[in-house]
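Please read the structure below before turning to the comments.
The values are calculated or read from the model by the stated rules, or taken from the named source; none is laboratory data. In this text the structure is predicted, and so the values were computed from the model without any measurement. Using ideal geometry, Cβ is built from the backbone for each residue, glycine included, and neighbour counts are taken over all protein chains shown. For accessibility, only protein heavy atoms count, side chains too; no ligands or nucleic acids. Shrake-Rupley method; radii C 1.70, N 1.55, O 1.52, S 1.80 Å.
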Amino acid sequence: MTGSTSQEMRWALVRLLPLLAVLLLVALLMGPGRATGDEGPLIAAAHRLLEGRYADVQSMDGTKFLWHGPGLPALLAPLVALGVPLTRLRLTSPLLLFAAVVLFYRLLRLRLSRRTALIAAYALGLYAPGYYVIGTVAKDPLALVLSISTLDASARYLRWGHRRHVAIAGLSLAALAMTRLEYGW
(Lines give C-alpha, C1' and ligand atoms only; values in the text may rest on other atoms or scores of the structure.)
Protein backbone atom coordinates (compact mmCIF):
# COMPACT_ATOMS: atom_id res chain seq x y z
CA MET A 1 0.00 0.00 0.00
CA THR A 2 1.29 3.41 -0.83
CA GLY A 3 1.36 6.20 1.73
CA SER A 4 -1.64 7.98 0.25
CA THR A 5 -3.65 4.74 0.04
CA SER A 6 -2.96 3.80 3.65
CA GLN A 7 -3.76 7.37 4.70
CA GLU A 8 -7.04 7.12 2.79
CA MET A 9 -7.94 3.85 4.53
CA ARG A 10 -7.14 5.38 7.93
CA TRP A 11 -9.45 8.27 7.04
CA ALA A 12 -12.19 5.80 6.12
CA LEU A 13 -11.70 3.66 9.23
CA VAL A 14 -12.03 6.68 11.51
CA ARG A 15 -15.28 7.65 9.80
CA LEU A 16 -16.62 4.09 9.84
CA LEU A 17 -15.83 3.39 13.53
CA PRO A 18 -19.28 4.61 14.70
CA LEU A 19 -20.76 1.88 12.51
CA LEU A 20 -18.62 -0.73 14.28
CA ALA A 21 -20.03 0.49 17.59
CA VAL A 22 -23.58 0.15 16.22
CA LEU A 23 -22.90 -3.36 14.91
CA LEU A 24 -21.43 -4.50 18.24
CA LEU A 25 -24.31 -2.95 20.16
CA VAL A 26 -26.89 -4.63 17.92
CA ALA A 27 -25.07 -7.96 18.32
CA LEU A 28 -25.14 -7.65 22.09
CA LEU A 29 -28.81 -6.65 22.12
CA MET A 30 -29.89 -9.36 19.68
CA GLY A 31 -29.22 -12.01 22.28
CA PRO A 32 -28.11 -15.57 21.84
CA GLY A 33 -29.81 -16.21 18.53
CA ARG A 34 -32.39 -18.65 17.37
CA ALA A 35 -32.53 -22.17 18.77
CA THR A 36 -32.75 -23.57 15.23
CA GLY A 37 -29.83 -21.57 13.84
CA ASP A 38 -26.59 -22.87 12.41
CA GLU A 39 -24.52 -21.73 15.37
CA GLY A 40 -24.33 -25.11 17.14
CA PRO A 41 -23.36 -27.15 14.08
CA LEU A 42 -20.77 -24.57 13.00
CA ILE A 43 -19.07 -24.57 16.40
CA ALA A 44 -19.25 -28.37 16.53
CA ALA A 45 -17.54 -28.46 13.13
CA ALA A 46 -14.80 -26.17 14.48
CA HIS A 47 -14.26 -28.62 17.34
CA ARG A 48 -14.09 -31.53 14.89
CA LEU A 49 -11.50 -29.64 12.81
CA LEU A 50 -9.34 -29.39 15.92
CA GLU A 51 -9.61 -33.17 16.24
CA GLY A 52 -8.38 -33.61 12.66
CA ARG A 53 -11.70 -34.34 10.96
CA TYR A 54 -14.60 -32.34 9.61
CA ALA A 55 -17.69 -34.36 8.78
CA ASP A 56 -19.72 -36.13 11.46
CA VAL A 57 -19.44 -39.61 9.96
CA GLN A 58 -21.33 -41.22 12.85
CA SER A 59 -24.58 -39.72 11.60
CA MET A 60 -26.73 -40.81 8.69
CA ASP A 61 -28.36 -37.38 8.72
CA GLY A 62 -27.00 -35.47 5.71
CA THR A 63 -27.40 -32.15 7.52
CA LYS A 64 -24.93 -33.35 10.14
CA PHE A 65 -22.56 -35.05 7.75
CA LEU A 66 -21.56 -32.21 5.46
CA TRP A 67 -24.24 -29.54 5.55
CA HIS A 68 -21.97 -26.62 6.29
CA GLY A 69 -18.76 -25.87 4.46
CA PRO A 70 -15.51 -25.71 6.42
CA GLY A 71 -14.90 -21.99 5.73
CA LEU A 72 -16.29 -20.46 8.93
CA PRO A 73 -15.37 -23.44 11.15
CA ALA A 74 -11.75 -23.09 9.93
CA LEU A 75 -11.85 -19.42 10.96
CA LEU A 76 -13.39 -20.29 14.33
CA ALA A 77 -11.14 -23.28 15.12
CA PRO A 78 -8.19 -21.25 16.50
CA LEU A 79 -10.58 -19.25 18.68
CA VAL A 80 -12.25 -22.45 19.91
CA ALA A 81 -8.80 -23.93 20.62
CA LEU A 82 -7.99 -20.88 22.74
CA GLY A 83 -11.17 -21.44 24.74
CA VAL A 84 -12.91 -18.25 23.62
CA PRO A 85 -16.44 -18.36 25.13
CA LEU A 86 -19.52 -18.51 22.92
CA THR A 87 -20.54 -14.96 23.80
CA ARG A 88 -17.25 -13.73 22.32
CA LEU A 89 -17.45 -16.07 19.32
CA ARG A 90 -20.74 -14.40 18.49
CA LEU A 91 -18.87 -11.13 18.02
CA THR A 92 -17.25 -12.56 14.89
CA SER A 93 -20.43 -11.73 12.95
CA PRO A 94 -20.42 -7.95 13.60
CA LEU A 95 -16.65 -7.83 13.17
CA LEU A 96 -16.86 -9.63 9.83
CA LEU A 97 -19.72 -7.39 8.74
CA PHE A 98 -17.59 -4.36 9.59
CA ALA A 99 -14.70 -5.83 7.59
CA ALA A 100 -17.10 -6.24 4.65
CA VAL A 101 -18.11 -2.59 4.94
CA VAL A 102 -14.47 -1.45 4.93
CA LEU A 103 -13.70 -3.64 1.90
CA PHE A 104 -16.81 -2.33 0.17
CA TYR A 105 -15.60 1.23 0.73
CA ARG A 106 -12.24 0.25 -0.74
CA LEU A 107 -13.90 -1.30 -3.79
CA LEU A 108 -16.10 1.73 -4.36
CA ARG A 109 -13.17 4.12 -4.13
CA LEU A 110 -11.90 2.68 -7.41
CA ARG A 111 -14.67 4.66 -9.15
CA LEU A 112 -16.46 6.91 -6.65
CA SER A 113 -15.61 9.92 -4.55
CA ARG A 114 -14.75 9.55 -0.85
CA ARG A 115 -18.11 10.91 0.20
CA THR A 116 -20.18 8.71 -2.11
CA ALA A 117 -18.18 5.61 -1.21
CA LEU A 118 -18.56 6.37 2.50
CA ILE A 119 -22.33 6.84 2.18
CA ALA A 120 -22.62 3.56 0.25
CA ALA A 121 -20.47 1.76 2.83
CA TYR A 122 -22.73 3.03 5.62
CA ALA A 123 -25.76 1.93 3.60
CA LEU A 124 -24.35 -1.59 3.46
CA GLY A 125 -23.50 -1.58 7.16
CA LEU A 126 -26.92 -0.28 8.16
CA TYR A 127 -28.86 -2.66 5.92
CA ALA A 128 -31.28 -3.93 8.56
CA PRO A 129 -32.22 -7.31 6.96
CA GLY A 130 -28.54 -8.27 7.24
CA TYR A 131 -28.82 -8.02 11.01
CA TYR A 132 -30.85 -11.22 11.38
CA VAL A 133 -27.64 -13.20 12.00
CA ILE A 134 -25.63 -10.54 13.76
CA GLY A 135 -26.24 -11.89 17.28
CA THR A 136 -25.10 -15.41 16.40
CA VAL A 137 -22.19 -17.29 14.89
CA ALA A 138 -23.17 -17.30 11.22
CA LYS A 139 -21.50 -17.82 7.87
CA ASP A 140 -23.29 -14.98 6.02
CA PRO A 141 -20.98 -12.17 7.22
CA LEU A 142 -17.91 -14.17 6.18
CA ALA A 143 -19.52 -14.92 2.81
CA LEU A 144 -20.10 -11.18 2.34
CA VAL A 145 -16.45 -10.39 3.16
CA LEU A 146 -15.26 -13.01 0.69
CA SER A 147 -17.67 -11.87 -2.05
CA ILE A 148 -16.55 -8.26 -1.75
CA SER A 149 -12.90 -9.33 -1.56
CA THR A 150 -13.34 -11.29 -4.80
CA LEU A 151 -14.94 -8.30 -6.51
CA ASP A 152 -12.33 -5.87 -5.20
CA ALA A 153 -9.37 -8.00 -6.27
CA SER A 154 -10.95 -8.68 -9.67
CA ALA A 155 -11.57 -4.98 -10.26
CA ARG A 156 -8.02 -4.16 -9.22
CA TYR A 157 -6.65 -6.79 -11.59
CA LEU A 158 -8.69 -5.37 -14.45
CA ARG A 159 -7.40 -1.88 -13.64
CA TRP A 160 -3.70 -2.60 -12.98
CA GLY A 161 -3.08 -6.16 -14.21
CA HIS A 162 -1.07 -7.33 -11.18
CA ARG A 163 -1.02 -11.09 -10.71
CA ARG A 164 -1.37 -10.78 -6.94
CA HIS A 165 -4.90 -9.44 -7.50
CA VAL A 166 -5.79 -12.55 -9.52
CA ALA A 167 -4.40 -14.71 -6.71
CA ILE A 168 -6.39 -12.82 -4.07
CA ALA A 169 -9.56 -13.03 -6.17
CA GLY A 170 -9.07 -16.76 -6.71
CA LEU A 171 -8.37 -17.47 -3.05
CA SER A 172 -11.33 -15.37 -1.97
CA LEU A 173 -13.62 -17.14 -4.41
CA ALA A 174 -12.36 -20.57 -3.29
CA ALA A 175 -12.89 -19.60 0.36
CA LEU A 176 -16.39 -18.38 -0.53
CA ALA A 177 -17.19 -21.74 -2.13
CA MET A 178 -15.96 -23.44 1.06
CA THR A 179 -18.07 -21.13 3.23
CA ARG A 180 -21.33 -21.24 1.30
CA LEU A 181 -21.41 -24.64 -0.37
CA GLU A 182 -24.28 -23.63 -2.65
CA TYR A 183 -21.96 -21.09 -4.29
CA GLY A 184 -19.57 -23.90 -5.13
CA TRP A 185 -22.20 -25.62 -7.26
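Cβ under 14 Å from residue 117's Cβ, residue 117 left aside: what net charge do those residues give with Lys, Arg +1 and Asp, Glu -1?
Details: positive: 15, 106, 109, 111, 114, 115; negative: 8, 152.
Summing Lys and Arg as +1 and Asp and Glu as -1 gives +4.
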Global form of the range 70-135, assessed from the alpha-carbon gyration tensor, a/c cut-off 1.5: prolate
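With the cut-off at 1.5 for a/c, could you classify the range 104-163 from its C-alpha gyration tensor as rounded, prolate or oblate?
It comes out oblate by the Cα gyration axes.
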Largest-first ranking of 182, 8 by accessible area, probe 1.4 Å, whole protein assembly kept, is 182, 8
Heavy atoms only, probe 1.4 Å: what % of the accessible area of the chain goes to carbon and sulfur, would you let me know? 66
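Only helical DSSP H runs with n ≥ 4 go in: add -39500 (n - 2.57) per run for the chain, normalise by residue count and round the 222 nm mean residue ellipticity to 500 deg cm²/dmol. Could you put the intermediate results ahead of the total?
Numbers: 10 runs with 131 residues, N = 185.
Result for the chain: -22500 deg cm²/dmol, rounded to the nearest 500.
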In whole Hz, what ³J(HN,Hα) sequence does the range 45-50 give by Karplus (6.51, -1.76, 1.60; θ = phi - 60°), x for Gly and Pro? 5, 5, 5, 5, 4, 5
Would you be so kind as to identify which of 151, 137, 5 lies farthest towards the positive end of the dipole of the chain, taking Lys and Arg as +1 and Asp and Glu as -1 on Cβ and the Cα centre as origin? 5
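About its Cα centre, how strong a charge dipole does the range 75-185 have in debye, to the nearest 20, once Lys and Arg get +1 and Asp and Glu get -1 at the Cβ? Mind dumping the intermediate values first?
Details: 13 positive and 3 negative charges, 101 e Å.
Dipole magnitude for the range 75-185 comes out near 480 debye.
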Could you derive backbone 3J(HN,Hα) for the range 159-167 from the dihedral phi with the Karplus parameters 6.51, -1.76 and 1.60 (θ = phi - 60°), listing whole Hz in sequence and x where the residue is Gly or Pro? 7, 10, x, 7, 5, 4, 5, 5, 4
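Going by a ≥ b ≥ c, the root eigenvalues of the Cα gyration tensor, does the range 69-185 fall in the rounded group (a/c under 1.5), the prolate group (a/b larger than b/c) or the oblate group? Don't jump to the answer; show the numbers that get you there.
Numbers: a/c = 2.18, a/b = 1.33, b/c = 1.64.
Cα axes put the range 69-185 in the oblate bin.
Between residue 60 and residue 21, what is 0.36 nm times their sequence separation minus the Cα-Cα distance? Round to one decimal in nm.
Numbers: separation 39, 0.36 × 39 = 14.04 nm, distance 4.28 nm.
Between residue 60 and residue 21, full extension yields an extra 9.8 nm.
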Would you please put 75-85, 129-139 in order of how densely packed they are, using the mean number of other Cβ atoms within 10 angstrom per residue and starting with the highest? 129-139, 75-85
